[in-house]
Amino acid sequence: MPRVLPLLVLTLVIVTGALVPPAAHAASTDLVVSQVFAGGGNAGAPFTNDFVELFNRGSTSADLSTWTVQYTSASGATWQATPLSGSVQPGHFYLVQLASAAAIGSPLPTPDAVGTTNLAVSGGKVALVRENTLLTCGASPGSCSGDTRIADLIGYGSAVDYEGSGPAPAISNSSAELRAGSGCTDADNNAADFASASPAPRNSASPAAPCTTEPPPGGVSQTASVDIDIQPVLSIALERSTVSFGNAGAGDTPPSVSEHVTVVSNNATGYALTVHRSVFSPADLPLGILGTAPSGGQIGPQLTGGATAPIPIAPAPDLLVGTTSSGSAASGDVWLTSLGFTSPLPVVPAGHYTATVTFTAIGR
């Protein structure tokens, strides 16, 4: 039975350098924008309101008493601010609920702050700002990069200003921008840090998801799932493809000739080995078989005690050589069979006599 071998293809991706606008700031050590949804209340939207989700990827609590979330259009520099309050513990989220187009979709989880800003699905810029003064940058690539008040900036869709090599991907009424690593990834590159996916708003009551900033003592580990489909195996091999008894005369009983049979099977419930033959031509002769079972095998009832049993002629039922109740040994089970004659050769015309013997292994 042919085996299907898996094909492993390795693809080498070569990345060339590209000139990009300067990043808005070094990777944020505390709060970042972890999710932006702009389709609130639109047709097909899963939630009624737009929202911005923040995440504390640092190791200390962040005080938001002077902070704001600010928004401007894709090419604009006129910002709208939503004041924040309270604090965010390490590994926790903070949900800012914004405008709604209509009563379409489900309500958001209880927000931690509420504003009236209406985000555009086609593109825009969202900034997390350490104070409440409105920004004036954003009309050109890199224009916000020197503003130290900005803790994080995301330009998405058609935005002309952004962090890194380009804006985060386009979103729709039913998708949001989600920061990689559950909010932990911040390479100051909107195009790489964010991906479009189904919105999943989290607030300060959501389970914590702390970022690991240092490997634990003794190293780090990660688990990969590995799978393989093992195909059924059932094969049979004969010691020799031609069995010859040489020259003999009527009344002779030629010595038996070994014809060991090797069976390989991974069937856990075992297999059966049978045999039948064709009629000798030009006249039939009394061909038989004897054998011994391998370890773990059971010899057929007609071959017990070393008996030589006549091999039936097809289409008569096959002779049972033996059975097993489990899979074979790794190298196969060797059945020590021999072919011989059950009685002296009859008086027949001189000539060359031939027949075929067929062994069959059947999974149980």
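Worth a mention:
- Order by protection proxy (mean Cβ within 10 Å, highest first), peptides 56-65, 228-237: 56-65, 228-237
- The packing ranking of peptides 315-325, 246-256, 33-43, 114-124, highest mean first, is 33-43, 114-124, 315-325, 246-256, where packing means the average number of other beta carbon atoms within 10 angstrom of each residue.
- Dividing the alpha-carbon radius of gyration of the range 31-197 by the rule-of-thumb value 2.2 N^0.38 Å gives 0.93.
- Under conditions of 37 °C and 0.692 mPa s, the chain yields 121 µm² s⁻¹ as its translational diffusion coefficient, taking Rh as the Kirkwood radius over Cα pairs in the Stokes-Einstein equation.
- Take each peptide in 70-83, 148-161, count the other Cβ atoms within 10 Å of every residue, and average; sorted highest first, the result is 148-161, 70-83.
- When every Cα-Cα distance of the range 184-272 is counted in 5 angstrom steps from zero, the calculated P(r) takes the values 2, 7, 7, 8, 9, 8, 6, 5, 4, 6, 6, 5, 5, 4, 4, 3, 3, 3, 2, 1, 0 percent.
All of the numbers you see were taken from the coordinates with simple rules; none came from a lab. Remember, predicted model here, so these are calculated numbers, not experimental data. We place every Cβ from the backbone using ideal geometry, glycine too, and count neighbours over all the protein chains shown.
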